[in-house]
1. Taking the stretch 231-284 only, how many residues are of a type outside the set (A, V, I, L, M), over 18 Å from Leu196 (Cβ atoms) and at pLDDT 95 or above?
2. Any chance you could count how many residues in the stretch 69-93 are farther than 23 Å from Ala48 by Cβ and touching a residue at least 40 places away in the same chain (Cβ under 8 Å)?
3. Answer yes or no as to whether Gln17 is within 20 Å of Ser168 (Cα to Cα), of a type in the set (S, T, N, Q) and at pLDDT below 95.
4. Between residues in the stretch 235-247 that are free of Cβ contacts under 8 Å to residues at least 60 places away in the same chain and residues that are assigned to a helix (DSSP H, G or I) and small (Gly, Ala, Ser), which pairs lie under 9 Å by C-beta distance while being six or more apart or on different chains?
5. Taking strands (runs of 3 or more DSSP E) that fall entirely within the stretch 190-238, which contain at least 2 residues that are open to solvent by less than 70 Å² (accessible area, probe 1.4 Å) and touching a Leu at 6+ places or on another chain (Cβ under 7 Å)?
6. Would you mention how many residues in the stretch 165-204 are in contact (Cβ under 8 Å) with a residue 60 or more places away in the chain, out of contact with any Pro (no Cβ under 8 Å at 6 or more places or on another chain) and among the aliphatic types (A, V, I, L, M)?
7. Taking the options Glu70, Glu61, Glu84, name whichever one is in a loop (DSSP other than H, G, I, E, B) and surrounded by fewer than 22 Cβ atoms within 10 Å (Cβ to Cβ).
8. Identify all residues within the stretch 1-27 that are in contact with a helix residue (DSSP H, G or I) (Cβ under 9 Å, 6 or more places away or on another chain) and more than 15 Å from Leu166 (Cβ to Cβ); write none if there are none.
Amino acid sequence: MDMNTIEAVVPTTDPAQWREGDAWLAGGTVLFSYGSTVLKRLLDLGQANWPAITVTDDGIELAATCTVAELYALPLSAEAAGREWPGLALIRPCCDSFVASFKIWNMSTVGGNICTGLPAGPMTSLCAGLDGMATILSPDGNSRKVPVADVVVGDMQTVLAPGELLRSIHLPAEALSARVAFRRLSLSNLGRSGVLLIGRLDPVFGLVITVTASTKRPVQLRFPAGQVPDAETLADAVEHSIPWPVYHDDIHGLPAWRRDMTFKLAEEIRAELMDESMTVSGDFWPPHATSAQPSTQPETSGTHKEAFHGN
């Protein structure tokens, strides 16, 4: 948290006010953790007053300043009640993937997690897995839309130009309406995600598998309706879609392990969504008793599929 070069904290949501030496401040969980010796000003979004979550028939609009705690509450909210959106089942497992305390949950933001560009950023996983579209504001007054799957391009690298501000993420109803499956692996109990995959199956849009955490950037495999792959075809697609240099390498997992687990979890997701015989892997399958968050505990007796899959 040592940032003794800061000269001013400016409340603003206007990218036109950005200048060299500035940084956008939302929850600040990463900014204050890493510190800085070069920043001069923090442009504080704390008073933005953007509606955190807006639910319509077209989908869900998440403000970049929406906190993890606010997002976590959405699946059981009045706004989500009655929606035939299996994709809502992904929200809590992805929030749980922060493996963070309630103090972090009430400060850390959806947009901040995406903009940090960490391979294991669970908000990147969630929003990319649901074909989220990011709205980005530029200092010149223009805006652009970028698929969340394309926002992160490498380890702590994004497509954001200096001064650009992530305003919101739209999760389309079409993606939320699909059947979904979730898998996550970590090398340690309550550790950072080493592999996190999300699958969607829709009779119109086909099968989509989004690979994150094991890779430096999100990778999506898409198979049109009527062309859902068998196990061998899927393995070939993973092999050709993820070159070796794209696999991440850090203390949370070697590339070889991440690659092997990506193949394994992708096949589990395919088999699950196709109602084939399958195995179940991952930190939340079954939930461990030491989880920091309640959503990793089964609410009712039954199979893990009933407790955690969006069908």
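The values are calculated or read from the model by the stated rules, or taken from the named source; none is laboratory data. Note that the structure is predicted; figures quoted are calculated from it, not measured. As a convention, Cβ positions derive from the backbone with ideal geometry for all residues, glycine included, and neighbour counts pool all protein chains shown. Keep in mind that these areas ignore ligands, DNA and RNA; they rest on the heavy atoms of the full protein, side chains included. Shrake-Rupley method; radii C 1.70, N 1.55, O 1.52, S 1.80 Å.
1. Of the residues in that region, 8 qualify.
2. So the answer is 10.
3. Values: within 20 Å of Ser168 (Cα to Cα): yes; of a type in the set (S, T, N, Q): yes; at pLDDT below 95: no.
In short, no.
4. Filtered contacts from the stretch 235-247: Ala235/Ala266; Ala237/Ala266; Val238/Ala266; Tyr247/Ala256.
5. 195-202, 206-212
6. Adding up the residues that qualify gives 13.
7. Working: Glu70 fails: in a loop (DSSP other than H, G, I, E, B); Glu61 fails: in a loop (DSSP other than H, G, I, E, B).
Residue meeting the stated conditions: Glu84.
8. Selection gives Met1, Met3, Val10.
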